[in-house]
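A quick write-up on the structure given underneath.
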Amino acid sequence: MKKTFVIAMFCMLGACQNGVEKQVQQLVGQMTLEEKIQMLHGHTMFTSGGVERLGVAPLKYADGPFGVREELEPHSWAPLRLTTDSATFFPTGSALAATWSEEMAWLYGKGLAEETRTRGKDMVLGPAVNIQRIPTGGRTYEYLSEDPLLSARLTVGYINGVQENGAAACIKHYALNNQENNRGAVDVRISQRAMREIYLPPFRAAVEEAGVWGVMAAYNKVFGSWCAENTLLLTDILRNEWGFKGLVVSDWGGTHSTVASALAGLDVEMPGDRYFGQALLDSVRSGAVPEEVIDRKVENILRVRMTVPPIEETSDVRPVSTPEHSEMAYEIATRSIVLLKNAEALLPLDLNKYKKIAVIGDNAVKKHAQGGIGAGVKARYEITPLEGLQQKIGDKAQIIYARGYKGFSRWDRQRTGVLGDVVLTGTGGMLSGGERRGMRPDDTLLLQALDAAREADLVLFFAGNNREVETEGADRTSIDLLSMQDELIQEIARVNPAIVTVVVTGAPVDLTTLEAFSPAMLVSWFNGSEGGNALADVLLGNVVPSGKLPFTFPMRLQDSPAYALNNYPNFEQADYSEDIYVGYRWYDAQEIQPMYAFGHGLSYTSFEYVSMQTGKNRYKPSDEVSVIVRLKNTGTMAAEEVVQLYVNRPESEVEFPPKELKAFRRVRVAPGKTARVTLTFPVNALQHWDEALQDWALEPGTIELWVGTSSDDIRLKKSVAVGF
Ligand code: BGC
């Protein structure tokens, strides 16, 4: 144990790479075959083996991705019910993504790493970076964005935050795990171009830019072969093209073979040893798997083990979640909240005007750290919106709370018959049409809500989903709001039309009715331990909203690409025939008006996009395009804005979507001041995957740089020539 620790410290101090490689080789050379095999599978639910004789400690994994999961029994999913394993609940993936801030992602990673280490763990199972392909995807709330660049930048920030603070990160789920429905067997068929340009960029950036130490192979199949035994993904692309040096772990229960997985590039089977225990030992002895293949796997694990020293066990119980981490969660949450509309300037709330406020909706009191299937956080605490408002408003106004509707519950889910059939096998089910069953408006709750609304000067209506609706293991069958929320808001509007709606969700929902009856509306996500405080501060104007949508809210589910093309729902095979037209790329190309576009998010202040300037007018392939935007805060409040740079290719012969995000920058501007915002991207980021060449290629020509406050609100344009 001591020996490893010393080597690892040496490594952390930077004098590392060659030294580590040498030590790794030496250690492997000293191991028996049996000892090597011990390292390649799970010994408990979240530990893979070490070799005690040589001082190599077991590797301890912590679920992720939005907080350190509580301790489980060694061989089951049952919690140990300890009193020492509560943690900070960080905003979930789509909330983090709505900050459009690599710095916030870094902070997130730092907080997570510190809690991971305090809990004695080595590797965080996060970030989860699959592209949000379908609006109904069960894990949309865990994932980041529908856009590859936004996902990639946040992925890099998160991983750097984790790995610069002493833990290893593990990106998941590699790759193309874009649905939960039948995730354990569905076979993805996709063009190389769409795979390379849309779905792989966050994984590639994680390896090439952030040097991630772990990659989790997904449950599904790609081109007919399970991800945990997929040579194209695990060897050709991950190792040979990107140069990955860390370990590949299976998703939990996602290994399906011994020889095929071993040869394709899986390093660790988790949990258990069904394929990578005795069966692997036998396969080596019989010659089906060469021992050198085993050596490479052990080396991959040892490299991680030596960079991240094991935490010595002590009797000292330190608090996992600290006030500093609460502060981080708060900072992230405040920047994630998206102001969708603010007609009649209802917001920020003027407490001189609104003396009685009706807070209506189950989501005003609902907590989201846990729920549904899969990883959650036993949060040390979670401030609900109602608590946040009560605390911040104090006696400046009266708050009347009415629940209004019963949120979708675990019981509702059990009645649909899909709870609990998923995790170990990875066989997801889909919520059946029964998900609305039993959702009658509750007369008593309705009457109480109407009484509250009638009495009040203003209504804060809390709509949206909860973690029973959005869950691992099952996609939603629709984007409809459950629990008769649409009916309820219409009733409320009849007695009091001054409604500010807060949509608590991790994924797109149908906003048609809410939009029609809410003069003002925000999205506040599953926003972590400090979610309620952040929201109250935004509603009250202590913080100016600056979040931007990381995905499109469609008008109708049928407008979204996979649904429009009938590629989803599916069961055995998922044909991604929408190709590169994912998210806003599709709506733009098809000229379909979304409800709210990708990148949308308003402010309490106003910004003038004064001018843009580029460093040059012609760029060589090896150049970096740099754009300087002058941005003036023409309002009265200091605020942050996310400046977005898209590329349009008016003359292209290769097919491209009408616009693609190439850079973005969050900036704070004082009222009356003008900021100079620099945005850059390498010309190489304009490359497309050429199917004929089976390689990246740059098409020379004129491109237009479009700068805006949202993908559908472009303020400045400039043409430049590239590739000459
Ligand atoms: C999930 C992973 C998770 C693992 C361990 C799987 O069901 O897909 O994201 O890390 O379980 O809890």
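The values are calculated or read from the model by the stated rules, or taken from the named source; none is laboratory data. Values in this document were obtained by computation on a predicted structure and should not be read as measured data. Quick reminder, even Gly has a Cβ in these numbers, built from the backbone with ideal geometry, and neighbours come from all protein chains shown. Surface areas here come from the heavy atoms of the whole protein model, side chains and all, with no ligands, DNA or RNA. Shrake-Rupley method; radii C 1.70, N 1.55, O 1.52, S 1.80 Å.
Going residue by residue through region 150-163, is there one that turns out to be within 14 Å of the ligand (Cβ to nearest atom) and within 12 Å of the chain's Cα centre (by Cα)? Taking every residue of region 150-163 in turn, none turns out to be within 14 Å of the ligand (Cβ to nearest atom) and within 12 Å of the chain's Cα centre (by Cα).
Look at region 461-487: where a residue is without any contact (Cβ under 8 Å) to a residue 40 or more places away in the chain and a partner is open to solvent by less than 10 Å² (accessible area, probe 1.4 Å), sitting 6+ places away or on another chain with Cβ atoms under 8 Å, you get LEU481/ALA463; LEU481/GLY464; LEU481/ASN465; LEU481/VAL509; LEU481/LEU514; ASP486/LEU514. Among the numbered conditions (1) modelled with pLDDT of 95 or more; (2) within 26 Å of the chain's Cα centre (by Cα); (3) not in a helix (DSSP H, G or I), the only one that MET328 does not meet is (3). Being within 25 Å of GLU572 (Cβ to Cβ) and part of a helix (DSSP H, G or I) holds for only one residue in LEU234, LEU302, LEU266, LEU281, and it is LEU234. If you go through region 50-69 and keep only what is of a type in the set (Asp, Glu) and either within 12 Å of the ligand (Cβ to nearest atom) or closer than 28 Å to VAL129 by Cβ (or both), you end up with just ASP63. Scanning region 115-142 for residues being open to solvent by 10 Å² or more (accessible area, probe 1.4 Å) and within 25 Å of GLU324 (Cα to Cα) gives a total of 5. Consider region 235-288 and keep the residues that are open to solvent by less than 20 Å² (accessible area, probe 1.4 Å) and aromatic (Phe, Trp, Tyr). The one that is farthest from TYR174 (Cα to Cα) is PHE276. Filtering region 17-32 for residues that are modelled with pLDDT of 95 or more, in the same structural domain as GLU146 (by TED's automatic domain parsing) and assigned to a strand (DSSP E or B) leaves an empty set. Checking each residue in region 143-183 for being crowded, with 24+ Cβ neighbours inside 10 Å and acidic (Asp, Glu) picks out GLU146, ASP147, GLU180. Close contacts from region 370-394, counting a first residue that is free of Cβ contacts under 8 Å to residues at least 12 places away in the same chain and outside the structural domain of GLY528 (by TED's automatic domain parsing) and a second that is more than 15 Å from the ligand (Cβ to nearest atom) and open to solvent by 20 Å² or more (accessible area, probe 1.4 Å), with Cβ to Cβ under 8 Å and a gap of 6+ residues or different chains, come to none at all. Filtering region 614-641 to residues that are part of a strand (DSSP E or B) and touching a residue at least 60 places away in the same chain (Cβ under 8 Å) leaves THR614, ARG618, TYR619, VAL625, VAL627, VAL629, ALA639, GLU640, GLU641. Of all residues in region 52-89, how many are surrounded by 23 or more Cβ atoms within 10 Å (Cβ to Cβ) and among the hydrophobic types (A, V, I, L, M, F, W, C)? Selection size over region 52-89: 7.
Among the residues examined, ALA452 qualifies as buried (at least 20 other Cβ atoms within 10 Å of the Cβ), of a type outside the set (Asp, Glu), closer than 23 Å to LEU346 by Cα and touching a residue at least 60 places away in the same chain (Cβ under 8 Å). Contact map, region 342-355: residues that are assigned by TED's automatic domain parsing to the domain that holds SER546 paired with residues that are outside any loop (DSSP other than H, G, I, E, B) and open to solvent by 40 Å² or more (accessible area, probe 1.4 Å), Cβ distance under 8 Å, separation 6+ or inter-chain. Pairs shown: ASN342/LEU602; LYS355/GLN398.
Please return the ranges of strands (runs of 3 or more DSSP E) entirely within region 499-605 where 2 or more residues are surrounded by fewer than 24 Cβ atoms within 10 Å (Cβ to Cβ), of a type outside the set (Val, Ile, Thr) and outside the structural domain of GLN179 (by TED's automatic domain parsing). Explain how you work it out, then say what you get.
Details: elements: 499-504, 520-523, 573-575.
Output list reads 573-575.
Please work out which one of (1) out of contact with any helix residue (DSSP H, G or I) (no Cβ under 8 Å at 6 or more places or on another chain); (2) more than 14 Å from the ligand (Cβ to nearest atom); (3) among the aromatic types (Phe, Trp, Tyr) is the condition TRP252 fails and give its number. Going through (1) out of contact with any helix residue (DSSP H, G or I) (no Cβ under 8 Å at 6 or more places or on another chain); (2) more than 14 Å from the ligand (Cβ to nearest atom); (3) among the aromatic types (Phe, Trp, Tyr) one by one, TRP252 breaks only (2).
Residue-wise test of (1) farther than 22 Å from LYS620 by Cα; (2) crowded, with 19+ Cβ neighbours inside 10 Å; (3) modelled with pLDDT of 95 or more.
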position	(1), (2), (3)
LEU679	no, yes, yes
PRO682	no, no, yes
ALA685	no, no, yes
GLU691	yes, no, yes
LEU698	no, no, yes
GLU704	no, no, yes
ASP712	yes, no, yes
LYS717	no, no, yes
VAL720	no, no, yes
